[in-house]
Amino acid sequence: AQSVTQLGSHVSVSEGALVLLRCNYSSSVPPYLFWYVQYPNQGLQLLLKYTSAATLVKGINGFEAEFKKSETSFHLTKPSAHMSDAAEYFCAVSSNSGGYQKVTFGTGTKLQVIP
Amino acid sequence: DTGVSQDPRHKITKRGQNVTFRCDPISEHNRLYWYRQTLGQGPEFLTYFQNEAQLEKSRLLSDRFSAERPKGSFSTLEIQRTEQGDSAMYLCASSLDRGIYNSPLHFGNGTRLTVT
């Protein structure tokens, strides 16, 4: 069974500081991994996805994530936090489950940006 | 691409009443998903459609829940005899089947259900 674990339900950073949101996955087959962002009272928006073409994936809004198979991790980073980055972030893993694409989400990390 | 649309955005109902939510996916997307999200949790899978066929249902989907996708276009999710535990955000997502399993899901803004 596939799953993702997000370490830290809340992360606070100062504006301009590095953002690091952690995600570890468990999958019996090579995984497809995603990061989504959710703003209050909205649906989820895709930030980036890993599909094995490159281990360092660049996404929207200056975010990137690095796939590390040896650590089963897919951490999300941004060099310099902006106030508009305050939101909840979800890591997700996708795989073939009986012929359909099963997508399983982590419990989320709420990012607070302090001015 | 007008995005995934969900209606209504908010629904308040009394325990025991039936409610129905609608989702209009991106027009060319043949996959449609329903998820439920409670406070402080990630989205939990409820059910999946490939065109008009409902191919997978979670054990979370009790007999009081039913979903349809007639003609492979819009979808409805009905909850009968609502309970307070049904209070949650119900999210619809769609994706395009390219024969691979890494298509990103496109989400609507959800329907927030409150059962009083």
*Counting only residues that are touching a Ser or Thr at 6+ places or on another chain (Cβ under 8 Å) and either small (Gly, Ala, Ser) or at pLDDT 95 or above (or both), how many does the range A:96-106 have?*
1
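Taking the condition under 16 Å from B:Phe49 (Cα atoms) and open to solvent by 20 Å² or more (accessible area, probe 1.4 Å), does B:Leu96 pass?
Judged against the criteria, B:Leu96 is a match.
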*Filter the range B:29-40 for residues that are within 10 Å of chain A (Cβ to nearest Cβ) and modelled with pLDDT of 90 or more and give the result.*
B:Arg31, B:Tyr33, B:Tyr35, B:Gln37
_Residue under evaluation B:Thr114, criteria (1) open to solvent by 10 Å² or more (accessible area, probe 1.4 Å); (2) outside any loop (DSSP other than H, G, I, E, B); (3) more than 14 Å from every other protein chain (Cβ to nearest Cβ); (4) over 24 Å from A:Ser3 (Cβ atoms), criterion not met_ = (3)
_First in the range A:5-26 and within 14 Å of chain B (Cβ to nearest Cβ) and aromatic (Phe, Trp, Tyr), second anywhere and assigned to a strand (DSSP E or B) and open to solvent by 60 Å² or more (accessible area, probe 1.4 Å), Cβ under 8 Å, 6 or more apart_ = A:Tyr25/A:Thr5
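Yes/no per residue for (1) touching a residue at least 60 places away in the same chain (Cβ under 8 Å); (2) within 9 Å of chain A (Cβ to nearest Cβ); (3) closer than 30 Å to A:Pro31 by Cβ:
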| site | (1), (2), (3) |
| --- | --- |
| B:Val4 | yes, yes, yes |
| B:Glu52 | no, no, yes |
| B:Asp63 | no, no, no |
| B:Ser94 | yes, no, yes |
*Could you count how many residues in the range A:10-61 are of a type in the set (A, V, I, L, M) and in contact with a Cys (Cβ under 9 Å, 6 or more places away or on another chain)?*
2
*Before we move on, is A:Leu48 under 23 Å from B:Gly3 (Cα atoms), at the interface with another protein chain (Cβ under 9 Å from one of its Cβ atoms) and of a type outside the set (Phe, Trp, Tyr)?*
no
*If A:Thr55 satisfies every condition in (1) more than 24 Å from B:Asn102 (Cβ to Cβ); (2) more than 14 Å from chain B (Cβ to nearest Cβ) but one, which is the exception?*
(1)
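The values are calculated or read from the model by the stated rules, or taken from the named source; none is laboratory data. These numbers come from a predicted model, not from an experiment. In this analysis, Cβ positions are derived from the backbone assuming ideal geometry, glycine residues included, and neighbour counts consider all displayed protein chains. SASA here: full protein model, heavy atoms, side chains in, ligands and nucleic acids out. Shrake-Rupley method; radii C 1.70, N 1.55, O 1.52, S 1.80 Å.
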